[in-house]
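Trainee: I have a structure I would like to understand better, so I am pasting it below and will then ask my questions one at a time.
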Amino acid sequence: MTASAVPALPPESDQQFDVGSTEDSLDRMRGIYAQLGDAYRIYAPGRGSHTWVFNHPDDVRRILITNHRNYAKGVGFDRIKILLGNGIIVSEGEFWKRQRRLLQPTFHRRILTQLGGIITRANAACLARWDEKAARGEPVNVTDDMSTMTIEIILRMIFGDDVDAMAAESGENPFAVLTEESERDLKFAYRFRKLTTLIGKYVARRRAAGGQPAGEDPDYLSMMLLARDKESGDGMSDKELIDEITTLIVAGHETTASMLNWTWYLLGGNPEAQARLLAEIDAKADEPIPSLESMEELHYGNLVLQEALRLYPPVWVISRRTIEPDVLGGYTVPANTDVFISPFFVHRHPDFWQDAERFLPERFESGDQDRKRLTYLPFSAGAHHCIGETLAIYEGLIHLSKVARRYRLRRIDNEPVEFEALINLRTRKPIFMRLEPRA
Ligand code: HEM
(Lines give C-alpha, C1' and ligand atoms only; values in the text may rest on other atoms or scores of the structure.)
Protein backbone atom coordinates (compact mmCIF):
# COMPACT_ATOMS: atom_id res chain seq x y z
CA MET A 1 0.00 0.00 0.00
CA THR A 2 1.35 3.43 -0.84
CA ALA A 3 1.57 6.04 1.90
CA SER A 4 -1.32 8.00 0.39
CA ALA A 5 -3.53 4.88 0.50
CA VAL A 6 -3.10 4.47 4.27
CA PRO A 7 -6.33 5.76 5.84
CA ALA A 8 -5.48 8.58 8.22
CA LEU A 9 -8.29 7.89 10.64
CA PRO A 10 -10.04 4.69 11.72
CA PRO A 11 -13.75 4.45 10.86
CA GLU A 12 -16.10 6.45 13.03
CA SER A 13 -19.23 5.05 14.62
CA ASP A 14 -22.43 6.86 13.74
CA GLN A 15 -23.39 6.63 17.42
CA GLN A 16 -22.15 9.22 19.90
CA PHE A 17 -21.74 8.44 23.59
CA ASP A 18 -19.26 8.48 26.47
CA VAL A 19 -18.06 4.88 26.85
CA GLY A 20 -18.62 3.64 30.41
CA SER A 21 -20.93 6.53 31.35
CA THR A 22 -24.11 4.95 30.07
CA GLU A 23 -25.30 1.51 31.16
CA ASP A 24 -25.83 0.40 27.58
CA SER A 25 -22.25 1.19 26.50
CA LEU A 26 -21.44 -2.47 26.04
CA ASP A 27 -24.58 -3.26 24.04
CA ARG A 28 -23.86 -0.34 21.76
CA MET A 29 -20.24 -1.37 21.36
CA ARG A 30 -21.26 -4.92 20.41
CA GLY A 31 -23.13 -3.46 17.48
CA ILE A 32 -20.26 -1.16 16.54
CA TYR A 33 -17.72 -3.99 16.78
CA ALA A 34 -19.80 -6.17 14.43
CA GLN A 35 -19.85 -3.29 11.96
CA LEU A 36 -16.38 -1.73 12.29
CA GLY A 37 -14.12 -4.40 13.81
CA ASP A 38 -10.88 -3.96 15.72
CA ALA A 39 -10.21 -0.22 15.48
CA TYR A 40 -12.74 2.59 15.42
CA ARG A 41 -13.62 5.98 16.91
CA ILE A 42 -16.65 7.09 18.87
CA TYR A 43 -17.45 10.76 19.42
CA ALA A 44 -17.92 11.44 23.16
CA PRO A 45 -20.28 14.42 23.51
CA GLY A 46 -19.53 14.81 27.24
CA ARG A 47 -15.88 15.54 26.50
CA GLY A 48 -16.24 16.99 23.06
CA SER A 49 -13.60 14.63 21.66
CA HIS A 50 -13.21 11.19 20.12
CA THR A 51 -12.53 7.96 21.99
CA TRP A 52 -10.38 5.57 19.95
CA VAL A 53 -11.15 1.90 20.60
CA PHE A 54 -8.66 -0.92 19.90
CA ASN A 55 -9.57 -4.59 20.27
CA HIS A 56 -6.65 -6.39 18.64
CA PRO A 57 -4.18 -8.09 21.04
CA ASP A 58 -1.22 -6.60 19.14
CA ASP A 59 -2.46 -3.08 19.89
CA VAL A 60 -3.27 -4.05 23.47
CA ARG A 61 0.31 -5.25 23.87
CA ARG A 62 1.70 -2.01 22.50
CA ILE A 63 -0.47 0.14 24.80
CA LEU A 64 0.05 -1.84 28.00
CA ILE A 65 3.53 -3.26 27.56
CA THR A 66 5.89 -2.41 24.74
CA ASN A 67 5.10 1.30 24.55
CA HIS A 68 3.40 1.77 27.94
CA ARG A 69 5.52 4.79 28.84
CA ASN A 70 3.67 6.70 26.15
CA TYR A 71 0.35 6.20 27.91
CA ALA A 72 -1.12 8.02 30.89
CA LYS A 73 -4.19 6.86 32.80
CA GLY A 74 -7.21 7.95 30.81
CA VAL A 75 -10.74 9.24 31.07
CA GLY A 76 -12.01 6.24 33.08
CA PHE A 77 -9.70 7.38 35.85
CA ASP A 78 -10.74 11.04 35.66
CA ARG A 79 -14.15 9.85 36.73
CA ILE A 80 -12.98 8.01 39.85
CA LYS A 81 -10.31 10.51 40.87
CA ILE A 82 -12.90 12.58 42.70
CA LEU A 83 -13.50 9.57 44.97
CA LEU A 84 -10.08 8.02 45.27
CA GLY A 85 -7.84 11.08 45.38
CA ASN A 86 -4.37 10.04 44.34
CA GLY A 87 -4.68 6.36 45.30
CA ILE A 88 -2.63 3.78 43.41
CA ILE A 89 -5.27 3.11 40.76
CA VAL A 90 -5.33 6.77 39.72
CA SER A 91 -1.77 7.95 40.43
CA GLU A 92 1.07 7.99 37.93
CA GLY A 93 4.82 8.41 37.57
CA GLU A 94 7.20 8.40 40.52
CA PHE A 95 4.42 8.71 43.08
CA TRP A 96 2.61 5.64 41.69
CA LYS A 97 5.91 3.70 41.68
CA ARG A 98 6.51 4.49 45.32
CA GLN A 99 2.96 3.56 46.35
CA ARG A 100 3.19 0.28 44.42
CA ARG A 101 6.52 -0.49 46.15
CA LEU A 102 4.92 0.17 49.52
CA LEU A 103 1.79 -1.89 48.83
CA GLN A 104 3.25 -4.81 46.87
CA PRO A 105 4.68 -6.70 49.90
CA THR A 106 1.27 -6.65 51.59
CA PHE A 107 -0.04 -8.82 48.74
CA HIS A 108 2.68 -11.46 49.17
CA ARG A 109 1.34 -15.04 49.22
CA ARG A 110 2.46 -15.46 52.84
CA ILE A 111 0.18 -12.56 53.85
CA LEU A 112 -2.69 -13.63 51.62
CA THR A 113 -2.88 -17.09 53.13
CA GLN A 114 -3.37 -15.45 56.53
CA LEU A 115 -6.58 -13.95 55.14
CA GLY A 116 -8.06 -17.46 54.79
CA GLY A 117 -9.80 -17.12 58.17
CA ILE A 118 -11.53 -13.86 57.25
CA ILE A 119 -12.62 -15.24 53.88
CA THR A 120 -13.89 -18.48 55.42
CA ARG A 121 -15.87 -16.68 58.15
CA ALA A 122 -17.52 -14.37 55.61
CA ASN A 123 -18.51 -17.46 53.60
CA ALA A 124 -19.91 -19.14 56.72
CA ALA A 125 -22.08 -16.05 57.33
CA CYS A 126 -23.29 -16.14 53.73
CA LEU A 127 -24.06 -19.86 54.00
CA ALA A 128 -25.96 -19.35 57.25
CA ARG A 129 -28.24 -16.91 55.42
CA TRP A 130 -28.57 -19.33 52.52
CA ASP A 131 -29.45 -22.20 54.88
CA GLU A 132 -32.43 -20.19 56.11
CA LYS A 133 -33.54 -19.46 52.57
CA ALA A 134 -33.12 -23.09 51.56
CA ALA A 135 -35.17 -24.24 54.56
CA ARG A 136 -37.99 -21.96 53.42
CA GLY A 137 -37.57 -23.04 49.80
CA GLU A 138 -36.81 -19.46 48.74
CA PRO A 139 -34.36 -18.52 46.02
CA VAL A 140 -31.28 -16.49 46.93
CA ASN A 141 -30.28 -13.13 45.53
CA VAL A 142 -26.79 -14.14 44.43
CA THR A 143 -25.88 -10.64 43.23
CA ASP A 144 -26.61 -8.95 46.55
CA ASP A 145 -25.16 -11.78 48.61
CA MET A 146 -21.86 -11.77 46.72
CA SER A 147 -21.63 -8.04 47.24
CA THR A 148 -22.31 -8.31 50.99
CA MET A 149 -19.79 -11.11 51.40
CA THR A 150 -16.96 -9.49 49.46
CA ILE A 151 -17.35 -6.12 51.20
CA GLU A 152 -17.15 -7.90 54.55
CA ILE A 153 -13.92 -9.61 53.43
CA ILE A 154 -12.21 -6.46 52.23
CA LEU A 155 -13.23 -4.40 55.26
CA ARG A 156 -12.04 -7.01 57.79
CA MET A 157 -8.84 -7.42 55.84
CA ILE A 158 -8.13 -3.69 56.00
CA PHE A 159 -9.47 -2.65 59.41
CA GLY A 160 -9.50 -5.90 61.39
CA ASP A 161 -11.82 -5.66 64.40
CA ASP A 162 -12.09 -1.89 63.99
CA VAL A 163 -14.89 -2.60 61.50
CA ASP A 164 -17.21 -3.33 64.41
CA ALA A 165 -16.15 -0.18 66.24
CA MET A 166 -16.73 1.91 63.11
CA ALA A 167 -20.23 0.50 62.66
CA ALA A 168 -21.06 1.01 66.35
CA GLU A 169 -19.75 4.56 66.29
CA SER A 170 -21.70 5.65 63.24
CA GLY A 171 -24.88 3.85 64.36
CA GLU A 172 -25.33 2.22 60.94
CA ASN A 173 -23.19 0.37 58.47
CA PRO A 174 -21.03 3.23 57.19
CA PHE A 175 -19.92 1.14 54.23
CA ALA A 176 -23.45 0.40 53.02
CA VAL A 177 -23.06 3.19 50.48
CA LEU A 178 -20.75 0.89 48.52
CA THR A 179 -23.33 -1.87 48.17
CA GLU A 180 -26.54 0.16 48.18
CA GLU A 181 -25.78 2.96 45.73
CA SER A 182 -25.07 1.71 42.25
CA GLU A 183 -25.18 5.17 40.65
CA ARG A 184 -21.91 7.05 40.92
CA ASP A 185 -23.71 10.39 41.21
CA LEU A 186 -23.63 13.35 43.61
CA LYS A 187 -25.62 11.52 46.27
CA PHE A 188 -23.04 8.75 46.18
CA ALA A 189 -20.19 11.28 46.33
CA TYR A 190 -21.74 12.90 49.43
CA ARG A 191 -22.13 9.60 51.30
CA PHE A 192 -18.68 8.51 50.18
CA ARG A 193 -17.17 11.72 51.53
CA LYS A 194 -18.67 10.97 54.98
CA LEU A 195 -17.07 7.57 54.78
CA THR A 196 -13.61 8.96 54.05
CA THR A 197 -13.94 11.25 57.08
CA LEU A 198 -14.64 8.21 59.25
CA ILE A 199 -11.72 6.30 57.73
CA GLY A 200 -9.49 9.30 58.43
CA LYS A 201 -10.45 9.21 62.09
CA TYR A 202 -9.48 5.55 62.39
CA VAL A 203 -6.22 6.09 60.53
CA ALA A 204 -5.29 8.85 63.00
CA ARG A 205 -6.24 6.68 65.99
CA ARG A 206 -4.16 3.78 64.75
CA ARG A 207 -1.18 6.01 64.17
CA ALA A 208 -1.52 7.39 67.68
CA ALA A 209 -1.58 3.81 68.98
CA GLY A 210 1.71 2.99 67.20
CA GLY A 211 0.10 1.17 64.27
CA GLN A 212 -0.74 -2.02 66.14
CA PRO A 213 -3.44 -4.12 64.42
CA ALA A 214 -6.99 -4.19 65.77
CA GLY A 215 -7.25 -7.88 66.64
CA GLU A 216 -4.85 -10.79 66.69
CA ASP A 217 -4.12 -10.95 62.97
CA PRO A 218 -2.17 -8.34 60.99
CA ASP A 219 -4.48 -6.08 59.01
CA TYR A 220 -3.83 -3.87 56.01
CA LEU A 221 -4.23 -0.61 57.88
CA SER A 222 -1.39 -1.59 60.20
CA MET A 223 0.76 -3.00 57.44
CA MET A 224 0.31 0.12 55.35
CA LEU A 225 0.89 2.43 58.29
CA LEU A 226 4.13 0.71 59.18
CA ALA A 227 5.37 0.28 55.58
CA ARG A 228 8.52 2.26 54.76
CA ASP A 229 9.93 3.01 51.35
CA LYS A 230 13.26 1.21 50.93
CA GLU A 231 14.74 4.12 49.01
CA SER A 232 13.66 7.10 51.11
CA GLY A 233 12.73 5.45 54.42
CA ASP A 234 9.44 7.42 54.38
CA GLY A 235 6.01 6.05 55.16
CA MET A 236 2.60 7.25 54.00
CA SER A 237 0.86 10.36 55.28
CA ASP A 238 -2.70 10.11 56.65
CA LYS A 239 -4.10 11.54 53.41
CA GLU A 240 -2.16 8.99 51.35
CA LEU A 241 -3.38 6.18 53.59
CA ILE A 242 -7.00 7.28 53.24
CA ASP A 243 -6.65 7.38 49.44
CA GLU A 244 -5.06 3.92 49.33
CA ILE A 245 -7.65 2.43 51.68
CA THR A 246 -10.60 3.75 49.69
CA THR A 247 -8.85 2.58 46.52
CA LEU A 248 -8.44 -0.96 47.83
CA ILE A 249 -12.07 -1.08 48.92
CA VAL A 250 -13.38 0.16 45.58
CA ALA A 251 -10.92 -1.87 43.45
CA GLY A 252 -11.31 -5.08 45.41
CA HIS A 253 -14.96 -5.22 46.33
CA GLU A 254 -17.18 -4.79 43.31
CA THR A 255 -14.81 -6.59 40.95
CA THR A 256 -14.67 -9.73 43.09
CA ALA A 257 -18.43 -9.63 43.73
CA SER A 258 -19.00 -9.35 40.02
CA MET A 259 -16.66 -12.28 39.24
CA LEU A 260 -18.64 -14.51 41.63
CA ASN A 261 -22.01 -13.28 40.41
CA TRP A 262 -21.13 -14.10 36.82
CA THR A 263 -19.55 -17.41 37.86
CA TRP A 264 -22.80 -18.57 39.48
CA TYR A 265 -24.81 -17.34 36.53
CA LEU A 266 -22.66 -19.46 34.22
CA LEU A 267 -22.50 -22.52 36.47
CA GLY A 268 -26.26 -22.32 37.06
CA GLY A 269 -26.86 -22.62 33.34
CA ASN A 270 -24.23 -25.34 32.81
CA PRO A 271 -25.09 -28.35 35.02
CA GLU A 272 -22.30 -30.47 33.55
CA ALA A 273 -19.61 -27.96 34.45
CA GLN A 274 -21.10 -27.58 37.90
CA ALA A 275 -21.13 -31.37 38.36
CA ARG A 276 -17.46 -31.58 37.38
CA LEU A 277 -16.63 -28.81 39.84
CA LEU A 278 -18.54 -30.51 42.67
CA ALA A 279 -16.76 -33.80 41.97
CA GLU A 280 -13.38 -32.09 42.20
CA ILE A 281 -14.31 -30.42 45.48
CA ASP A 282 -15.81 -33.60 46.94
CA ALA A 283 -12.53 -35.43 46.27
CA LYS A 284 -10.69 -33.01 48.54
CA ALA A 285 -10.83 -32.92 52.33
CA ASP A 286 -12.87 -30.00 53.71
CA GLU A 287 -10.27 -27.92 55.56
CA PRO A 288 -11.64 -25.59 58.24
CA ILE A 289 -9.57 -22.75 56.78
CA PRO A 290 -8.31 -23.62 53.29
CA SER A 291 -4.81 -22.41 52.54
CA LEU A 292 -3.89 -20.62 49.33
CA GLU A 293 -1.79 -23.60 48.15
CA SER A 294 -4.63 -26.00 48.80
CA MET A 295 -7.15 -23.86 46.88
CA GLU A 296 -4.76 -23.55 43.95
CA GLU A 297 -4.89 -27.35 43.67
CA LEU A 298 -8.54 -27.02 42.60
CA HIS A 299 -7.63 -27.33 38.96
CA TYR A 300 -11.12 -27.25 37.48
CA GLY A 301 -12.22 -24.57 39.95
CA ASN A 302 -9.43 -22.37 38.59
CA LEU A 303 -10.53 -23.05 35.01
CA VAL A 304 -14.11 -22.11 35.88
CA LEU A 305 -13.05 -18.76 37.31
CA GLN A 306 -10.75 -18.05 34.38
CA GLU A 307 -13.53 -18.78 31.92
CA ALA A 308 -16.05 -16.65 33.84
CA LEU A 309 -13.52 -13.79 33.79
CA ARG A 310 -13.04 -14.30 30.06
CA LEU A 311 -16.73 -14.10 29.21
CA TYR A 312 -17.61 -11.37 31.70
CA PRO A 313 -14.48 -9.44 32.72
CA PRO A 314 -15.58 -7.14 35.58
CA VAL A 315 -13.17 -4.47 34.31
CA TRP A 316 -14.60 -4.52 30.83
CA VAL A 317 -12.81 -1.39 29.58
CA ILE A 318 -9.33 -0.10 30.35
CA SER A 319 -8.67 3.51 29.46
CA ARG A 320 -5.44 5.28 28.64
CA ARG A 321 -4.39 8.57 27.04
CA THR A 322 -1.54 9.00 24.56
CA ILE A 323 1.29 11.29 25.61
CA GLU A 324 3.04 11.43 22.21
CA PRO A 325 1.46 10.24 18.94
CA ASP A 326 1.56 6.46 18.39
CA VAL A 327 0.67 4.02 15.62
CA LEU A 328 -2.07 1.53 16.51
CA GLY A 329 -4.03 -0.70 14.17
CA GLY A 330 -2.23 0.97 11.26
CA TYR A 331 -3.52 4.43 12.22
CA THR A 332 -1.63 7.38 13.66
CA VAL A 333 -3.14 8.26 17.02
CA PRO A 334 -2.49 11.91 17.93
CA ALA A 335 -1.03 12.96 21.28
CA ASN A 336 -3.50 13.44 24.13
CA THR A 337 -6.09 11.04 22.67
CA ASP A 338 -8.37 8.84 24.79
CA VAL A 339 -7.68 5.22 23.92
CA PHE A 340 -9.88 2.37 25.15
CA ILE A 341 -9.10 -1.33 25.26
CA SER A 342 -11.92 -3.67 26.09
CA PRO A 343 -11.05 -7.04 27.62
CA PHE A 344 -14.66 -8.04 26.84
CA PHE A 345 -14.06 -7.83 23.09
CA VAL A 346 -10.46 -9.06 23.16
CA HIS A 347 -11.69 -12.13 25.08
CA ARG A 348 -14.21 -12.93 22.36
CA HIS A 349 -12.07 -12.07 19.38
CA PRO A 350 -12.96 -14.63 16.67
CA ASP A 351 -9.36 -14.84 15.39
CA PHE A 352 -8.09 -16.02 18.77
CA TRP A 353 -10.97 -17.82 20.47
CA GLN A 354 -12.97 -20.73 19.10
CA ASP A 355 -16.63 -20.85 20.03
CA ALA A 356 -15.96 -17.63 21.87
CA GLU A 357 -19.51 -17.11 23.15
CA ARG A 358 -19.65 -20.52 24.87
CA PHE A 359 -18.78 -21.26 28.49
CA LEU A 360 -16.05 -23.88 28.18
CA PRO A 361 -13.67 -23.89 31.18
CA GLU A 362 -11.73 -26.73 29.53
CA ARG A 363 -10.37 -24.30 26.94
CA PHE A 364 -7.85 -23.11 29.54
CA GLU A 365 -6.57 -26.64 30.11
CA SER A 366 -3.59 -26.06 27.86
CA GLY A 367 -2.14 -23.38 30.15
CA ASP A 368 -1.35 -19.74 30.24
CA GLN A 369 0.01 -18.98 26.80
CA ASP A 370 -2.97 -16.86 25.75
CA ARG A 371 -2.18 -14.39 28.46
CA LYS A 372 1.28 -13.82 27.06
CA ARG A 373 -0.24 -13.03 23.69
CA LEU A 374 -2.55 -10.57 25.44
CA THR A 375 -5.67 -12.27 24.16
CA TYR A 376 -6.65 -12.67 27.82
CA LEU A 377 -6.35 -9.83 30.31
CA PRO A 378 -9.06 -9.76 33.00
CA PHE A 379 -6.48 -8.35 35.43
CA SER A 380 -4.82 -6.14 32.81
CA ALA A 381 -1.10 -6.57 32.05
CA GLY A 382 2.18 -4.74 32.40
CA ALA A 383 3.17 -2.32 35.15
CA HIS A 384 -0.37 -1.54 36.33
CA HIS A 385 -1.66 -5.11 36.36
CA CYS A 386 -3.97 -5.89 39.24
CA ILE A 387 -2.24 -6.15 42.59
CA GLY A 388 -5.14 -8.21 43.98
CA GLU A 389 -5.32 -10.99 41.37
CA THR A 390 -4.14 -13.84 43.59
CA LEU A 391 -6.35 -12.63 46.43
CA ALA A 392 -9.44 -12.44 44.19
CA ILE A 393 -8.88 -15.99 42.91
CA TYR A 394 -8.26 -17.26 46.44
CA GLU A 395 -11.56 -15.68 47.56
CA GLY A 396 -13.33 -17.22 44.59
CA LEU A 397 -11.98 -20.70 45.22
CA ILE A 398 -12.76 -20.71 48.94
CA HIS A 399 -16.28 -19.56 48.12
CA LEU A 400 -16.86 -22.24 45.48
CA SER A 401 -15.41 -24.97 47.66
CA LYS A 402 -17.49 -24.03 50.71
CA VAL A 403 -20.78 -23.60 48.86
CA ALA A 404 -20.37 -26.62 46.62
CA ARG A 405 -20.15 -28.96 49.59
CA ARG A 406 -23.63 -27.90 50.63
CA TYR A 407 -25.58 -26.77 47.59
CA ARG A 408 -26.07 -27.01 43.87
CA LEU A 409 -27.30 -23.71 42.35
CA ARG A 410 -29.83 -23.53 39.56
CA ARG A 411 -31.09 -20.57 37.59
CA ILE A 412 -34.76 -19.91 38.18
CA ASP A 413 -35.41 -18.76 34.64
CA ASN A 414 -33.74 -18.69 31.26
CA GLU A 415 -34.16 -14.99 30.69
CA PRO A 416 -31.15 -13.57 28.84
CA VAL A 417 -29.06 -11.49 31.18
CA GLU A 418 -28.85 -7.74 30.63
CA PHE A 419 -25.63 -5.81 31.13
CA GLU A 420 -25.00 -2.79 33.27
CA ALA A 421 -21.67 -1.70 31.87
CA LEU A 422 -20.44 1.30 33.81
CA ILE A 423 -17.04 1.23 35.50
CA ASN A 424 -17.59 -2.47 36.20
CA LEU A 425 -19.54 -5.01 34.21
CA ARG A 426 -22.53 -6.02 36.27
CA THR A 427 -25.91 -7.63 35.71
CA ARG A 428 -28.57 -4.94 35.35
CA LYS A 429 -30.99 -6.87 37.57
CA PRO A 430 -29.97 -9.08 40.47
CA ILE A 431 -29.66 -12.77 39.72
CA PHE A 432 -31.86 -15.04 41.81
CA MET A 433 -30.99 -18.72 42.04
CA ARG A 434 -32.48 -21.81 43.61
CA LEU A 435 -30.46 -23.75 46.16
CA GLU A 436 -30.58 -27.54 45.89
CA PRO A 437 -29.24 -29.05 49.10
CA ARG A 438 -26.78 -31.86 48.47
CA ALA A 439 -27.50 -35.05 50.35
C1 HEM B 1 -11.95 -10.42 40.06
C2 HEM B 1 -11.47 -9.40 40.72
C3 HEM B 1 -10.63 -8.31 40.13
C4 HEM B 1 -10.49 -7.90 38.83
C5 HEM B 1 -11.18 -8.47 37.59
C6 HEM B 1 -9.54 -6.82 38.81
C7 HEM B 1 -9.11 -6.17 37.66
C8 HEM B 1 -8.15 -5.17 37.64
C9 HEM B 1 -7.66 -4.52 36.44
C10 HEM B 1 -8.11 -4.85 35.03
C11 HEM B 1 -6.74 -3.61 36.83
C12 HEM B 1 -5.88 -2.72 35.93
C13 HEM B 1 -6.54 -1.47 35.48
C14 HEM B 1 -5.66 -0.77 34.49
O15 HEM B 1 -4.69 -1.33 33.94
O16 HEM B 1 -5.92 0.39 34.22
C17 HEM B 1 -6.65 -3.66 38.26
C18 HEM B 1 -5.82 -2.86 39.02
C19 HEM B 1 -5.83 -2.86 40.40
N20 HEM B 1 -6.51 -3.73 41.23
FE21 HEM B 1 -7.73 -5.21 40.67
N22 HEM B 1 -9.14 -6.58 40.10
C23 HEM B 1 -9.75 -7.48 40.93
C24 HEM B 1 -9.60 -7.60 42.30
C25 HEM B 1 -8.81 -6.80 43.07
C26 HEM B 1 -8.63 -6.92 44.50
C27 HEM B 1 -9.24 -8.03 45.37
C28 HEM B 1 -7.83 -5.89 44.89
C29 HEM B 1 -7.32 -5.52 46.25
C30 HEM B 1 -7.86 -5.84 47.38
C31 HEM B 1 -7.48 -5.14 43.69
C32 HEM B 1 -6.68 -4.01 43.67
C33 HEM B 1 -6.23 -3.39 42.52
C34 HEM B 1 -5.33 -2.26 42.53
C35 HEM B 1 -4.78 -1.56 43.78
C36 HEM B 1 -5.06 -1.92 41.20
C37 HEM B 1 -4.16 -0.81 40.68
C38 HEM B 1 -2.79 -1.36 40.35
C39 HEM B 1 -1.84 -0.32 39.82
O40 HEM B 1 -2.24 0.56 39.04
O41 HEM B 1 -0.66 -0.40 40.19
N42 HEM B 1 -8.09 -5.71 42.61
N43 HEM B 1 -7.53 -4.63 38.74
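Trainee: So what are the ³J(HN,Hα) numbers for region 348-360, from phi and the Karplus equation (6.51, -1.76, 1.60; θ = phi - 60°), rounded to whole Hz, Gly and Pro as x?
Mentor: So the Karplus estimates, Gly and Pro as x, are 10, 5, x, 6, 10, 10, 8, 6, 4, 7, 8, 7, 9 Hz.
Trainee: Another question, if that's okay. Report the relative contact order of region 3-437, percent, no decimals, based on alpha-carbon pairs under 8 angstrom and at least 6 residues apart. Intermediate results must be reported in sequence, preceding the final value.
Mentor: Values: 608 pairs, mean separation 113.1, N = 435.
Relative contact order, region 3-437: 26 percent.
Trainee: Roughly how large, in nm² to one decimal, is the mean projection of the convex hull of the alpha-carbon atoms in region 344-437?
Mentor: Hull-based average projected area comes out at 8.0 nm².
Trainee: Summarise the accessible area of the chain (1.4 Å probe, protein heavy atoms) by the percent that is carbon and sulfur.
Mentor: Working: 10060 of 19080 Å².
C and S atoms contribute 53 percent here.
Trainee: Which of the aspartates and glutamates could be linked to Lys133 by a straight reach, that is with a Cα gap under 17 Å, when you skip same-chain ones fewer than 8 residues away?
Mentor: Asp144, Asp145, Glu436
Trainee: At 7 Å along the Cα-to-beta-carbon direction for both Gln114 and Ala34, put a label point, then send me their distance in nm to one decimal.
Mentor: About 5.2 nm separates the two model spin labels.
Trainee: Looking at the chain, which longest stretch skips every one of the GluC sites (Glu not before Pro) that is in a DSSP loop with at most 16 other Cβ atoms within 10 Å, leaving the sites themselves out?
Mentor: On the way: sites that count: Glu23, Glu92, Glu172, Glu181, Glu183, Glu216, Glu231, Glu297, Glu357, Glu365, Glu418.
Counting only loop sites that pass the neighbour cut-off, the longest clear stretch is 93-171.
Trainee: Under 20 Å Cα to Cα from Lys284, which lysines show up? Leave out anything in the same chain fewer than 8 places away.
Mentor: Lys402
Trainee: Check the straight Cα-Cα distances from Lys239 and name the lysines below 23 Å, setting aside those fewer than 8 residues away within the same chain.
Mentor: Output for Lys239: Lys73, Lys81, Lys97, Lys187, Lys194, Lys201, Lys230.
Trainee: I'd like the Karplus ³J(HN,Hα) series for region 172-180: coefficients 6.51, -1.76, 1.60, θ = phi - 60°, whole numbers in Hz, and an x wherever there's a Gly or Pro.
Mentor: Once rounded to whole Hz, the list reads 7, 7, x, 8, 4, 3, 6, 9, 8.
Trainee: Next question, about the same structure. Explain nothing, just the number: relative contact order of region 263-413, from Cα pairs under 8 Å at least 6 residues apart, as a whole percent.
Mentor: Numbers: 152 pairs, mean separation 45.5, N = 151.
Normalised by residue count, the contact order of region 263-413 is 30 percent.
Trainee: For all pairs of alpha-carbon atoms in the chain, what percent lies in each bin of width 20 Å, listed from the first bin to the last filled one?
Mentor: Result returned by the calculation: 24, 57, 18, 1.
Trainee: Which value at 222 nm does the chain reach when only helices count, each DSSP H run of 4 or more adding -39,500 (n - 2.57), with the total divided by all residues and rounded to the nearest 500 deg cm²/dmol?
Mentor: -15000 deg cm²/dmol
Trainee: Within the chain, which whole H helices from DSSP have a Cα span along their axis of at least 20 Å and a mean Kyte-Doolittle hydropathy of 0.0 or more, if any? Mind showing how you got there, number by number?
Mentor: Values: long enough: 116-136 (30 Å, -0.20); 142-159 (25 Å, 0.92); 186-208 (33 Å, -0.33); 238-268 (45 Å, 0.19); 389-404 (22 Å, 0.68).
Those that pass (Cα extent of 20 Å or more, hydropathy at least 0.0) are 142-159, 238-268, 389-404.
Trainee: Once fully extended, how much extra length lies between Glu132 and Glu415, figured as 0.36 nm per residue of separation less the alpha-carbon to alpha-carbon distance? Spell out each step's value before the answer.
Mentor: Details: separation 283, 0.36 × 283 = 101.88 nm, distance 2.60 nm.
Gain on extension, Glu132 to Glu415, equals 99.3 nm.
Trainee: Shifting gears a bit: Regarding region 205-336, what are the three Cα extents along the principal axes, ordered largest first, in Å?
Mentor: Principal-axis extents of the Cα atoms in region 205-336, largest first: 56, 53, 23 Å.
The values are calculated or read from the model by the stated rules, or taken from the named source; none is laboratory data. All values derive from a computational prediction rather than experimental measurement. Ideal geometry is used to build each Cβ from the backbone, glycine not excepted, and the neighbour counts take in all protein chains shown. When the accessible area is computed, the model is the full protein with side chains, heavy atoms only, and any ligands, DNA or RNA have been set aside. Shrake-Rupley method; radii C 1.70, N 1.55, O 1.52, S 1.80 Å.
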